[in-house]
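The values are calculated or read from the model by the stated rules, or taken from the named source; none is laboratory data. Values in this document were obtained by computation on a predicted structure and should not be read as measured data. A quick note on method: Cβ atoms are made from the backbone with ideal geometry, for glycine too, and the neighbour counts reach across all protein chains shown. Ligands, DNA and RNA are excluded from the accessible area calculation, which covers all protein heavy atoms including side chains. Shrake-Rupley method; radii C 1.70, N 1.55, O 1.52, S 1.80 Å.
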Amino acid sequence: MINQIKLRVSRTIKAAIQQAINQNEISLESIPDIIFSPTKGPEHGDIATPIAMSLSKLAKMPPRQIAKTIVKHLVDDPLIRQVEIAGPGFINLFVSEDWLYEILENIIHQNKNYGRSQSNISKRILIEFVSANPTGPLNIVSGRAAAVGDVLANLLNATNQNVTCEFYINDAGKQVERLGESIDIRYRQLLGEEELEIPEDGYHGTYLIDLAQLIIKNVGKQYLQLDRDIRINKFKNIGIQHLLDGQKSILKRFGVEFDVWTSEQKIRNDKKPEQIIEIFKQKNLLYESEGATWFQMTKFGDDKDCVVIKSDGEFTYFVPDAAYHRDKFDRGFDLLIDILGPDHQGHIAHLDHLIKALGYNTEQFEGLIVQQVNLVHPDGNRVEMSKRKGHLYTLDQLINELTETVGEQFAVDVARYFFLNRTNNSHLDFDIKLAVTRANDNPSFYVQYAHARCCSIFREMKDRKIDQLPINQVKLNLLAIDEETQIIKKMADYPEVIMNAAKEREPYRIPKYLYELASQFHTFYNKSRVLDTKHQDLMQSRLVLVRCVQIVIANGLKLLGISSPEKM
RNA sequence: GCGCCCGUAGCUCAGUGAAUAGAGCAACUGACUUCUAAUCAGUAGGUCGCAGGUUUGAAUCCUGCCGGGCGUGCCA
């Protein structure tokens, strides 16, 4: 809606500039696109354009004089109520408020679909995220990635894209070998070989002691009789299965569902890495050196070549990873989005180069980094998390701690809100004390409370046997005080917020928007009474407003995977 | 050394080349006989890391420097 208005205004302004040129009042060779800048507040009108300032140099005239000339030639349009020239040369336009009431009708009519849009380009998109090694429980960094990926998928779906969510299981390679070895040591420690120690590059977390105990409970010490290699392999498989089950279960608890789980081992069993080597060989991109096989990544823009087959004959991670991405393309996706942790940032460039080397367009691949999460303890110390060192704060622990104070559903809501309320790029300080003990201050509750208040009004309405009129019988133009029109304008922005958040891959815009809307609603609620039977017409119009707020907040929270409570 | 990210109020963070740089938390002052006070109204708090440059206009773009994080050819 607001976009249509901008388009119309933009044409009107262009026409005015053309008129001014025709009458030799402005000298310009061509008319640029009219851009609109955000208005700081109501005093700057509904739409503002700095066009006069940007034309200043080309036309060799002071900005305010250009603005005056443009305004002089603006043709009358019932849509535009008032025009002002302000500051260094802004043209501020005040839009007639008739359109506001159409917004309310739209929201009521579209209900759950309000905010969804039909993008003109519908793509098949695959988002890969979390993809944690199956060597430990999911930590809160993975929790952040899970929330971001899940919501990004919702956003893309809401803009008419066809999205598949995928988890890549790194169940092959060195890391899981070390997992097997570490379980072996825990197993033998528990059975009396106390002098054994987990090597530095093994997994030190106590969860492997628990797992070893479970294994002993199930099969006793019979595995000691197996060959070490066979035993470690067995432990590796048991470990992967067990830890992956744990990851799946916490993701489900956290409300994140994946459509596809792809196993690296399966990619390897299908000999897809060998196909990559074959392709590179045919393209003459490989050479031998120092006993290893190298890939000429420098040909694709990197500053270094890289090893693809190690001197021990094993692939480096590049090869199965390239095979995996080729496999994704083979499945017919137009765009691959990988959400990766900060420790993989160098990897994005590599993937880019590999994809180029395989003959795909790099525009079909996007690597996003979700930054690290620092754990802030009550004493103020930040803790770096590392699965191998065993410094671990798991997503499970977080949800458990939150559940103790706010209950299971709100625990998930709060955690998700917390993870989503930052730009992907910025580090997130997760202050446990704040999240747990000050749960009531969490902005998540603030937004949910606004929804609960709307519901509460309708409950009270029914209790008092007040009937709500159909919208076509309501005098919507009674909604005229600032608090009311500001809320409606805010709700008019919602579809655009969704679209931009999807386009820019920035889920944090949604909680930010919802907080602002909730804030405006709370202000309105404190100032104005809705259920006022002495003023029937006004009451009916406000009931429409409240219904719309309820719909928009519920729709937004739904996208975030956060519940919309009717009571709090 | 090189690459990426970050540096904005006491703290955590927004900020699309544009108007007086904004929120929340913490602090302080007020508001419940009301549709839910998990709320609201208000006060205070800033050399936008530093120095140059581009521009009519820079927190935003460019260069250099300082500080923090992550990565950096056979871990993934």
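When every residue of segment A:1-10 is checked against the conditions, none turns out to be over 29 Å from A:THR485 (Cβ atoms), in a helix (DSSP H, G or I) and among the basic types (Lys, Arg).
For segment A:257-311, filtering for residues that are surrounded by 12 or more Cβ atoms within 10 Å (Cβ to Cβ), in a helix (DSSP H, G or I) and of a type outside the set (Asp, Glu) leaves 15. All told, A:ASP184 falls short of being in contact with a helix residue (DSSP H, G or I) (Cβ under 6 Å, 6 or more places away or on another chain), assigned to a loop (DSSP other than H, G, I, E, B), more than 19 Å from A:GLU496 (Cβ to Cβ) and of a type in the set (Asp, Glu).
Take segment A:20-49 and flag every residue that is open to solvent by 70 Å² or more (accessible area, probe 1.4 Å), more than 9 Å from RNA strand B (Cβ to nearest atom) and of a type outside the set (S, T, N, Q). Within segment A:20-49, A:GLU29, A:ASP33, A:PRO42 meet the criteria.
Checking each residue in segment A:489-530 for being in a loop (DSSP other than H, G, I, E, B) and touching a residue at least 60 places away in the same chain (Cβ under 8 Å) picks out A:ARG505, A:GLU506, A:PRO507, A:TYR508, A:VAL530. Pairing each residue of segment A:417-434 that is closer than 15 Å to A:GLY341 by Cβ with any residue that is near RNA strand B (Cβ under 7 Å from one of its atoms) and among the basic types (Lys, Arg), provided the two are 6+ apart or on different chains, yields C-beta distances under 8 Å for A:LEU428/A:ARG422. Selection within segment A:249-306: residues that are among the polar types (S, T, N, Q) and within 30 Å of A:LEU420 (Cβ to Cβ). The member of this set that is farthest from RNA strand B (Cβ to nearest atom) is A:SER249.
Where helices (runs of 4 or more DSSP H) fall wholly inside segment A:400-481, the ranges with 3 or more residues that are closer than 22 Å to A:TYR515 by Cβ and near RNA strand B (Cβ under 7 Å from one of its atoms) are A:443-463.
If only residues of segment A:144-180 that are open to solvent by 20 Å² or more (accessible area, probe 1.4 Å), part of a helix (DSSP H, G or I) and within 13 Å of RNA strand B (Cβ to nearest atom) are counted, the one that is nearest to A:LEU560 (Cα to Cα) is A:GLN175. Among the residues making up segment A:525-534, those that are under 17 Å from A:PHE458 (Cβ atoms) and near RNA strand B (Cβ under 8 Å from one of its atoms) are A:TYR525, A:SER528, A:ARG529, A:VAL530, A:LEU531, A:ASP532. Filtering A:ALA439, A:ALA452 for residues that are open to solvent by less than 20 Å² (accessible area, probe 1.4 Å), free of Cβ contacts under 8 Å to residues at least 40 places away in the same chain and of a type in the set (Gly, Ala, Ser) leaves a single hit, A:ALA439.
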